[in-house]
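Report on the following structure.
Values quoted throughout were computed directly from the atomic coordinates according to the rules given, and no laboratory measurement underlies them. Keep in mind the model is a prediction, meaning the values are calculated, not measured. Don't worry about glycine lacking a Cβ; one is built from the backbone with ideal geometry, like all the others, and counts go over all protein chains shown.
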């Protein structure tokens, strides 16, 4: 069986990657995922100031801190993608996997950039597909992501996809095949977020090794669950919908980074809740909780959702850092709800047994540990015509 057939068996293919040319300052090009620092416009103003007029992924997405997304802004983003490619700011480096070594606050995270098959992904709660969500998909979070992807020339991912590889058979093999390679890139991410190195893998023998290791993991998987989405489920769900709406072969795949859940650089943290613009006495009367000892998140979230439906003036933010949440929670009219830990050892078992968790249950790493937009892959959606 060829490596292509073997990779098909595990739902991936070798992507054709685009990267900035040698003149682009990668520390300004690579920007953190759009859903980070969503309550801190100050951070994003700092990014804008640092990037200036440089070629940057900042110009190819909209931070959630600045939502809603307008049609005008969408067109500007799509035009920027086309301009960067036509001006050769972004250049094709060919078909390859990229092995990523990223410093985080807890250690080095090892990842593999691949294209995953959207035909083998189902984002419903009780999915039985090879690729599954780990948290509930919120339908009203999808339209803006669909709007961004439709008409986009490039897929520039922040998706981290988990594999259950306790013996580390995949990444140890990938590390071995890259040990004598010169990095494709090696630079420090902005604002002290750590060093990142990437190694190009474009040898058919290496492809076959990767395919073989993933097939072993598939054979040993629980309930055929090979990949669990760690970060970026809504972006991937939007990609799935866009593909279903426009089933061109080039739209069938999405770019992601595979990481081993047991990797030393993968730490799981709970995501805290910040209730904003709330009448505190009314809130505690309707939702009887002790915020110093909150109930399990899977129990609390439905109660919060019910409260928000009848109190339109109150907003809920998902805050990754406990310190940041406490700081924002000290503002008049806000309530912080802090969770101390999140257990990852039975993670895959829990997804198989219970289906996806409620949205924003956990975070992989602290906010600065999140994936930064860097590699990209061409997609080819038709631009939507204006009504």
- Query: So what's the gap between the Cα centers of region 130-189 and region 266-296, to the nearest angstrom?
  - Reply: 31 Å
- Task: Round to the nearest 0.05 the FRET efficiency obtained for residue 83 and residue 250 when R0 = 30 Å and r is the Cβ-Cβ distance.
- Result: 0.90
- Over region 78-117, relative contact order from alpha-carbon pairs under 8 Å, at least 6 apart, %: 27 percent
- Query: Where does each of 47-57, 283-293 land if you order them by average Cβ count within 10 Å, highest first?
  - Reply: 47-57, 283-293
- Message: How compact is region 270-364 by the rule of thumb for globular proteins, expressed as Cα Rg over 2.2 N^0.38 Å?
- Response: 1.11
- Stretch gain in nm, segment residue 42-residue 288, where the contour uses 0.36 nm per residue and the Cα spacing is subtracted: 85.1 nm
- Between region 312-362 and region 199-250, the Cα center-to-center distance that results, in Å: 27 Å
- Could you list 42, 132 in order of exposure, starting from the residue whose Cβ has the fewest other Cβ atoms within 10 Å? 42, 132
- Query: Each label point is 7 Å from the Cα along the Cα-to-Cβ direction; what then is the distance between the points at residue 205 and residue 312, in nm?
  - Reply: 6.6 nm
- Note on the structure: Relative contact order of region 270-364 (C-alpha contacts under 8 Å, at least 6 apart) in percent is 49 percent
- Item | Theoretical gain in end-to-end length, residue 331 to residue 220 [0.36 nm per residue, Cα-Cα removed] | 35.0 nm
- When only alpha-carbon atoms count, how far does region 137-217 stretch along each of its three principal axes, as whole angstroms with the largest first? 43, 34, 26
- Message: I'd like to compare 63-72, 265-274: which one has the highest average count of other Cβ atoms within 10 Å, and what's the full order after that?
- Response: 265-274, 63-72
- Message: Counting pairwise Cα distances across region 142-286, what percent come out greater than 28 angstrom?
- Response: 39 percent
